[in-house]
Amino acid sequence: KNEVEQSPQNLTAQEGEFITINCSYSVGISALHWLQQHPGGGIVSLFMLSSGKKKHGRLIATINIQEKHSSLHITASHPRDSAVYICAVENDYKLSFGAGTTVTVRA
Amino acid sequence: NAGVTQTPKFQVLKTGQSMTLQCAQDMNHEYMSWYRQDPGMGLRLIHYSVGAGITDQGEVPNGYNVSRSTTEDFPLRLLSAAPSQTSVYFCASSYSDRNGYTFGSGTRLTVV
């Protein structure tokens, strides 16, 4: 069983809809990262969390350390949000990754 | 431009050949790491370094070698390429374990 489980695997939304991606992990961590990978392949770091909640534009990330769970929310989704979103947990400088969630936002 | 620079972007190797994937950053980041991304497997850590002169193995180190002689550079060496090493390789760096990561643009390697 992977240390990091993401759901859903795929998600299709209409423009303007609220999107939630979930990440559960089974090990102790020092931080949790949310990454975005566009069809061109480049990877961008969106958030690093060790507790609570962070917001950047239309993106919100939350983490519950006790429940070993994090969520990434996209408000007012737009076609340019179409990408693969990857959850990664960090421990002792080592990252373990979820399989990714492919998000498609239709106009 | 500041960031992580990976070269080459594409490479085709024959089985048994050796090569070095280059990774350089100009942000004075102490931490650097190499990952491979395979369909159905996601990203996996190959090797990492927490500073010049210090390297350690990740999840899938076999067949790869690294060194960190300077803060800026962290090359990944394939000793004898195998078809199983066909993958997309990413280098990443971070200032500390309290900061996010900056990823390079990736190297698509095919071993035939």
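The values are calculated or read from the model by the stated rules, or taken from the named source; none is laboratory data. As the structure is a prediction and not an experimental result, all values here were calculated from the model. Virtual Cβ from ideal backbone geometry, glycine too; neighbours counted across all protein chains shown. Just so you know, the surface numbers come from the protein's heavy atoms only, side chains and all, with ligands and any DNA or RNA stripped out. Shrake-Rupley method; radii C 1.70, N 1.55, O 1.52, S 1.80 Å.
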Looking at the stretch A:50-80, which of its residues are buried (at least 18 other Cβ atoms within 10 Å of the Cβ), of a type in the set (A, V, I, L, M, F, W, C) and within 18 Å of A:E5 (Cβ to Cβ)? A:A61, A:I63, A:L72
Name the residue, out of B:F103, B:F90, that is touching a residue at least 60 places away in the same chain (Cβ under 8 Å) and open to solvent by 10 Å² or more (accessible area, probe 1.4 Å). B:F103
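When you scan the stretch A:11-107 for strands (runs of 3 or more DSSP E) that lie fully inside it, which ones turn up with 1 or more residues that are within 25 Å of B:V88 (Cα to Cα) and touching a Leu at 6+ places or on another chain (Cβ under 6 Å)? Even if it seems obvious, please write down each step before you answer.
Values: elements: A:19-25, A:31-37, A:43-49, A:52-56, A:59-64, A:69-74, A:83-91, A:94-97, A:101-106.
Result: A:19-25, A:31-37, A:43-49, A:83-91, A:94-97, A:101-106.
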When (1) in contact (Cβ under 8 Å) with a residue 24 or more places away in the chain; (2) within 28 Å of A:F47 (Cα to Cα); (3) among the β-branched types (V, I, T) are applied to B:V112, the one that fails is (2)
Going by the structure shown, is B:L78 in contact with a strand residue (DSSP E or B) (Cβ under 9 Å, 6 or more places away or on another chain), buried (at least 20 other Cβ atoms within 10 Å of the Cβ) and under 22 Å from A:H33 (Cβ atoms)? no
Which of the following residues is within 10 Å of the chain's Cα centre (by Cα), closer than 28 Å to B:R108 by Cα and within 14 Å of chain B (Cβ to nearest Cβ): A:I43, A:I86? A:I86
Quick one: is A:S96 open to solvent by less than 20 Å² (accessible area, probe 1.4 Å) and not aliphatic (A, V, I, L, M)? no
